[in-house]
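Here the structure is laid out as structure tokens; the discussion comes afterwards.
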């Protein structure tokens, strides 16, 4: 059976072509001189007047190993394809971006790290500088590659909003791959808000033109919201720290991505002192029994939302954890009925959980067991829609006076579960394990069998009428 392989690139006319054959030439653009491999490639006619290296690109790959030469060739080839395509297809700003990235790839292909001229001048050793200049002289390095080796390639003039797009699409996609669509949207929303606030205040400036004064303007704006000279604060210190922190991260990440790892960050050391966040009060046992579990109290909620609320009472889980359970996470048919709270690894429908310690098994007792017996497939109405769930529950609880005070929230169920375990004398590490909190010591064993966990949880299970489910 014959297997065809393909690879793409630019022909000498500057057009993209896809070459198909029994075997794409594995040694394309490679020539050997004096025992060393070189990258040799014609500049396409469509860009021959715009590429300083015309008409032939020649670069020593500094190796006599063919396998390593092919790897370096691939990096050079990718860099040139991107650069030439930008010259033909893109706007000037995109072309500058492609030229800069191509310079980085060329330096990496030569076994070095791309650094800006300023970084080399202020942070490098004499030996490193000598090595780079020797490489240029000994290897007769083409001008474009020589400029890249010593950092004489200007950082492209990219605006804040464009830098944020690059950040999302090129710098941190690995951080997003395991998030659900809703989680990705929420992640981006928070960071986009910081960008929008900065742009509204200082304009959509080029990243290279952001100054300390710009950062201080943003800091003072937040200071007025957090600690106004007159009137009450409109925002918390944590909100200001999050906004400025996201701009600080964007600045570092963007310039690090562009090879300027030593660039001074204008947002550095701008923070507000945040008071310790007040914990949400728990529902006390009598409120749970006499109000929440009272027949008819939750009758106005749809069946799935009602099931989620009742599951929170005896699991202490986060609402989003319960809402995103699938049939495979619900083990009501096992000897010890339980839930498995874990990340979703389905590539078509992934979802992260809050922390590694949040992954856990929770025995089902009391009303929670009744809920999952009737909802063996979970709650599809609210899967990946935790914000919608939160809005639905908060509205219902407020309208029906199911919160004892204005400080109580749906999360109060989780605090109540922990308090009830503590009052019943449950082991500290068991409480941490069931809550998904970190245990601050080396982990040995499984934290106790499910049967033991079930027996302990039955100590806090509240009486209920099955009809309320």
Open item on the list: Suppose we filter 50, 33, 40 for residues that are surrounded by 12 or more Cβ atoms within 10 Å (Cβ to Cβ) and modelled with pLDDT of 80 or more; which single one remains?
Closed with: 40
Open item on the list: Among the residues in the range 282-305, are any over 20 Å from residue 390 (Cα atoms) and either modelled with pLDDT under 90 or under 31 Å from the mean Cα position of the chain (by Cα) (or both)?
Closed with: no
Task: Residue in the range 317-344 that is nearest to residue 304 (Cα to Cα), counting only those that are out of contact with any helix residue (DSSP H, G or I) (no Cβ under 7 Å at 6 or more places or on another chain) and assigned to a strand (DSSP E or B) - done: 331
Open item on the list: I need the full set of residues from the range 199-212 which are part of a helix (DSSP H, G or I), touching a residue at least 12 places away in the same chain (Cβ under 8 Å) and exposed (fewer than 12 other Cβ atoms within 10 Å of the Cβ), in order please.
Closed with: none
Open item on the list: I'd like the full set of residues that are assigned to a loop (DSSP other than H, G, I, E, B) and exposed (fewer than 14 other Cβ atoms within 10 Å of the Cβ), limited to the range 286-301.
Closed with: 295, 296, 299, 300
- [ ] Scan the range 56-69 residue by residue and report those that are outside any strand (DSSP E or B) and crowded, with 19+ Cβ neighbours inside 10 Å.
- [x] 61, 69
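Every residue, every condition in (1) assigned to a loop (DSSP other than H, G, I, E, B); (2) at pLDDT below 95; (3) on the phi > 0 side of the Ramachandran plot, yes or no:
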| site | (1), (2), (3) |
| --- | --- |
| 346 | yes, yes, no |
| 353 | yes, yes, no |
| 368 | no, no, no |
| 377 | yes, no, no |
| 387 | no, yes, no |
| 394 | no, no, no |
Open item on the list: Restricting to the range 368-380, give me the number of residues that are surrounded by 16 or more Cβ atoms within 10 Å (Cβ to Cβ) and in contact with a helix residue (DSSP H, G or I) (Cβ under 6 Å, 6 or more places away or on another chain).
Closed with: 5
Open item on the list: If I ask for residues that are farther than 24 Å from residue 438 by Cα and surrounded by 16 or more Cβ atoms within 10 Å (Cβ to Cβ), which ones from the range 338-367 would you list?
Closed with: 366, 367
TODO: Kindly check whether there is at least one residue in the range 19-26 that is modelled with pLDDT of 85 or more and part of a helix (DSSP H, G or I).
DONE: no
Task: Unique residue being loosely packed, with under 14 Cβ neighbours inside 10 Å, within 31 Å of the chain's Cα centre (by Cα) and touching a residue at least 40 places away in the same chain (Cβ under 8 Å) when the list is 435, 387 - done: 387
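The values are calculated or read from the model by the stated rules, or taken from the named source; none is laboratory data. Quick caveat, the model's predicted, so the values are computed rather than measured. Neighbour counts are summed over all protein chains in view; Cβ atoms, including those assigned to glycine, are modelled from backbone coordinates with ideal geometry.
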